[in-house]
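All of the numbers you see were taken from the coordinates with simple rules; none came from a lab. Treat the numbers as computed from the prediction; the structure is a model and nothing was measured. Note that we place each Cβ from the backbone using ideal geometry, even for glycine, and neighbour counts take in every protein chain shown.
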Ligand SMILES: *Cc1c(COP(=O)(O)O)cnc(C)c1O
């Protein structure tokens, strides 16, 4: 059994803050300070260039990838770290589409995060493909035999709605297409089983539920049956079979290594390693059960005590990720009022209050406190002050 009382101790949370926004940026593992300082004091400063070999910086993207693999139902040697999620998504979709050269259509849904759609739109323009976007509930019907790639984010960033990865992947395969799953709101949030679902490609970020820190590097996974066929468009030297041969021609590295592009972000990976030390103590089945308990408690509390808020997430927890949305016509101001009282969630246009639940550091008391503060703000109308209506750049 995972000891969540222990994992809670591993994170730094400022005094008086109830943090329900780990779906945007996870909190800092206390050990990250020391781990990054050690990287600076013992590795960069003392080893200089020799750190690439002596401190193992060059293999770090695969080492960290192995620890993430366990959390997403992938095997060792199948995941590699680097770049941002948008870049890794480009790698995955370009490689998937290249494996279906006689097909043009990349299918996604309107619940996807805009960056994913922008990446696919640009890729489609460059390679003469077509991006087709349908409503999330229409995806199944839109899986047709002209499909090259089904590109979906498993958990919807606004509603928390969770796609059925295994069922949609099976349908895509029947239609002759490949799948790319974005796990931005799944990795560290739900019990992903990439091999069990027979997915083809997956990508995700590590600064949300995985708590790797702002700008922490993304990960990419390719199913082993495809890893030696996949050819991403973005061919960098560290995805080459022999980077230090400095050949003028590109030869892809075997396996997932070919999805690497350039120099790994060693300092950022050190911070992420501190988070992985906590994740190594976690069983995803325990985490999923605890996350459902927290989100169910929150929904029940809000519906009992906060009239005027409308649930914007599936009611069935099996069809939800680890976040819950509620709509309110003045959602932005309500969230600002909440934040002013130390309860941090976030707001997504046009009217959604979003709350992420992370059993690694959130408890039932956090949930009860958030409900009580929200109920009070709505009862007293204290959200309707001018300062709560002023918009900041990052919401
Ligand atoms: C958070 C998120 C992103 C962000 O991509 P970055 O390149 O890391 O900025 C992309 N896609 C989805 C689905 C996300 O949730």
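Just a few scattered comments:
- Compared with the alpha-carbon gap, the fully stretched path from residue 384 to residue 118 is longer by 92.2 nm at 0.36 nm per residue.
- Spatial separation of Cα centroids for region 303-323 and region 47-101, in angstrom: 35
- Prolate/oblate/rounded label for region 297-388 (Cα gyration tensor, a/c 1.5): prolate
- Tail fraction, Cα-Cα pairs, region 1-54, threshold 18 Å, whole percent: 53
- DSSP bridge pairs, the chain: antiparallel proportion in percent, nearest 5: 55
- Modelled this way, with points 7 Å down the Cα-to-C-beta line, the labels at residue 44 and residue 137 are 5.1 nm from one another.
- Longest to shortest principal axis, alpha-carbon extents of the chain, angstrom: 68, 57, 42
- The chain: relative contact order in percent, alpha carbon pairs under 8 Å with at least 6 residues between: 22
- Oblate is the label for region 56-279, because a/c, from the alpha-carbon gyration tensor with a ≥ b ≥ c as root eigenvalues, is 1.5 or above and a/b does not exceed b/c.
- The ranking of 376, 205 by Cβ neighbour count inside 10 Å, starting from the fewest, reads 376, 205.
- Burial ranking of peptide ranges 253-261, 6-14 (average Cβ count within 10 Å, highest at the top): 253-261, 6-14
- With neighbours defined as other Cβ atoms within 10 Å of a residue's Cβ, the residues 165, 284 order from fewest to most as 284, 165.
- Value of [θ]222 nm, deg cm²/dmol, for the chain, DSSP H segments ≥ 4, -39500 (n - 2.57) each, nearest 500: -10500 deg cm²/dmol
- For a modelled paramagnetic label at residue 394, 7 Å from Cα along Cα-to-Cβ, no residue of region 107-125 is in reach, as no backbone nitrogen comes under 12 Å.
- Expressed to the nearest 5 percent, the antiparallel share of DSSP beta bridges inside region 56-279 is 35 percent.
- One decimal place: the segment residue 54-residue 319 gains 90.8 nm when fully extended, by the rule 0.36 nm per residue minus the C-alpha distance.
- Region 56-279: relative contact order in percent, alpha carbon pairs under 8 Å with at least 6 residues between: 25
- Sorted fewest first by neighbouring Cβ atoms within 10 angstrom, 30, 88 come out as 30, 88.
- When the Gaussian network model of the chain links Cα atoms closer than 10 Å, the mean-square fluctuations of 191, 164, 182 top out at 164.
- Were the residues from residue 246 through residue 228 laid out at 0.36 nm apart, the gain over their Cα-Cα distance would be 4.4 nm.
- Taking the chain as a Gaussian network of alpha-carbon nodes connected by springs under 10 Å, the highest mean-square fluctuation of the residues 206, 33, 222 belongs to 33.
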